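One structure below.
The values are calculated or read from the model by the stated rules, or taken from the named source; none is laboratory data. A quick note: this is a predicted structure, and the numbers were derived from the prediction, not measured. Note that each Cβ is placed from the backbone with ideal geometry, even for glycine, and that neighbours are counted across all protein chains shown. These accessible areas exclude ligands, DNA and RNA; they are computed on the full protein's heavy atoms, side chains included. Shrake-Rupley method; radii C 1.70, N 1.55, O 1.52, S 1.80 Å.
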Amino acid sequence: SRGWLATTCAGVAVVLLSAALSPFAGISLRWSAPLLAAPAWFLVAFDWLHHNPAAHANRSSLLARAGLLAALAVSVVSIGLWLPVVLQVGLRGAAVSRNAFPLGHSNYTAGLALLILPLAVSGIWRHRGIWRALAVLTALLALAMIYSSSSRGGVLGLAALAAAGLVLATLPRKSKTLLALAALAVGRVFILGNPRTRAAFSRSPAAQSLVAASDVQRLAMFTVGYHMGVDRPLLGWGPGTTPLVYPKYRAVAPGGVENVLQLHSAPVQLWAELGLAGLAGLFVAVALVFQARHRAPLAVITCAGYGAFALTDWQIDIPIFAFAVAMLAALLAPVCHPLDDKLTRA
């Protein structure tokens, strides 16, 4: 449709303009590639899904099953590599040290799990036989990934998934109430059963020490990101320039680290690197997703959970996340019929 196509083209233009006008244009243009990969994948996936209307249902089913197998493989690798740590230091020690598998950082683990979980849960309802068993296993492993990541953002994303699912689910009120109570029980287990997430709700000095350093670092990143955007408000400093620019503003940040690769918040990252144009694109994308809530509820639920988590991390510069977001967009975007079809119907 025109809205989705215009937003995609505008996003590409903003990324390229921001990189070309950056003080570090040569480096920023090269770092634009991951951000440009997402709209490219979106257009390819949308064309594959809708090019042949007669095959749309079969292709959607094929995509769902392929996604489930990929999700299962990722979750098996993640938990399989984390279990030896549990055996070595115990569950508590492993939770505190956090599961960084398979991408090297615990926030990536939580982000992957939030993208996997809705697909797996929907597979439990839609599939039968062996496919349902695989979906159940994938859902359990995804929950284990969120727990083992010890990510507070992951718990926030899980809560957003549950809330969006309850709102969009076509179920009787009694069933929704029971599911809400079950979600609250699971959330309580996630919060109180993990030392790091439990510390966020505890006032004891020992508990607060687990999260204090992270809070100081995030405040520093937010402060630096804010000042980066204020100095270049229209198009920001350019994609991928945060490690180069962050030290220039280090003096304004309270505590934290000397340099970072990213600002651990999608809105802050967009404001710092793409300016007002990047934030405007984010708001338009949220509006488009909201419009699709009845057309593709599963994709909207996934976007709600991952979007809430994205408030605490920036991951679209990693190819697997760019690919996943592009596939969600392909499922959300509506088809715009050609003009001649409209004239024929008239």
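So that you can scan it fast, the table gives a plain yes or no per residue for (1) open to solvent by 40 Å² or more (accessible area, probe 1.4 Å); (2) within 23 Å of Ala71 (Cα to Cα):
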residue	(1), (2)
Leu143	yes, yes
Ile146	no, yes
Ser149	no, yes
Gly153	no, yes
Leu158	no, yes
Ala162	no, yes
Thr177	yes, no
Ala180	no, no
Leu192	yes, no
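Just a yes or no: is a residue in segment 48-55 closer than 19 Å to Gly236 by Cα and among the hydrophobic types (A, V, I, L, M, F, W, C)? Before the answer, list the steps.
First pass over segment 48-55, keeping only residues closer than 19 Å to Gly236 by Cα: none.
No: segment 48-55 contains no residue that is closer than 19 Å to Gly236 by Cα and among the hydrophobic types (A, V, I, L, M, F, W, C).
Name the one entry in Gly275, Gly305, Gly229, Gly255 that is open to solvent by less than 20 Å² (accessible area, probe 1.4 Å), touching a residue at least 12 places away in the same chain (Cβ under 8 Å) and on the phi > 0 side of the Ramachandran plot.
Matching residue, one of Gly275, Gly305, Gly229, Gly255: Gly275.
With respect to the conditions (1) in contact with a helix residue (DSSP H, G or I) (Cβ under 7 Å, 6 or more places away or on another chain); (2) open to solvent by 40 Å² or more (accessible area, probe 1.4 Å); (3) hydroxyl-bearing (Ser, Thr, Tyr), Ser61 lacks only one, and its number is (1). Screening Gly238 against (1) within 23 Å of Gly11 (Cα to Cα); (2) open to solvent by 10 Å² or more (accessible area, probe 1.4 Å); (3) touching a residue at least 12 places away in the same chain (Cβ under 8 Å); (4) out of contact with any Pro (no Cβ under 7 Å at 6 or more places or on another chain) leaves a single unmet condition, (2). The residues on offer are Arg98, Arg128, Arg152, Arg132, and the sole one that is over 23 Å from Ala304 (Cα atoms) and touching a residue at least 40 places away in the same chain (Cβ under 8 Å) is Arg98.
Checking each residue in segment 288-302 for being outside any helix (DSSP H, G or I) and surrounded by 18 or more Cβ atoms within 10 Å (Cβ to Cβ) picks out Ala292, Ala296. Reported count of residues in segment 21-34, each being part of a helix (DSSP H, G or I) and farther than 24 Å from Thr7 by Cα, is 2.
If you go through segment 88-119 and pick out every residue that is aliphatic (A, V, I, L, M) and open to solvent by less than 20 Å² (accessible area, probe 1.4 Å), you end up with 8.
Does Ala55 fit the bill of being open to solvent by 50 Å² or more (accessible area, probe 1.4 Å) and among the small types (Gly, Ala, Ser)? Considered against the rule, which asks whether it is open to solvent by 50 Å² or more (accessible area, probe 1.4 Å) and among the small types (Gly, Ala, Ser), Ala55 comes out as no. Does Gly240 count as under 25 Å from the mean Cα position of the chain (by Cα) and modelled with pLDDT of 90 or more? Spelling it out, Gly240 is indeed under 25 Å from the mean Cα position of the chain (by Cα) and modelled with pLDDT of 90 or more.
Which one of Ala13, Ala37, Ala45 is part of a helix (DSSP H, G or I), within 21 Å of Phe290 (Cα to Cα) and under 23 Å from the mean Cα position of the chain (by Cα)? If you could, list the steps in order and put the result at the bottom.
Numbers: Ala13 fails: within 21 Å of Phe290 (Cα to Cα); Ala37 fails: within 21 Å of Phe290 (Cα to Cα).
Exactly one residue qualifies, and that residue is Ala45.
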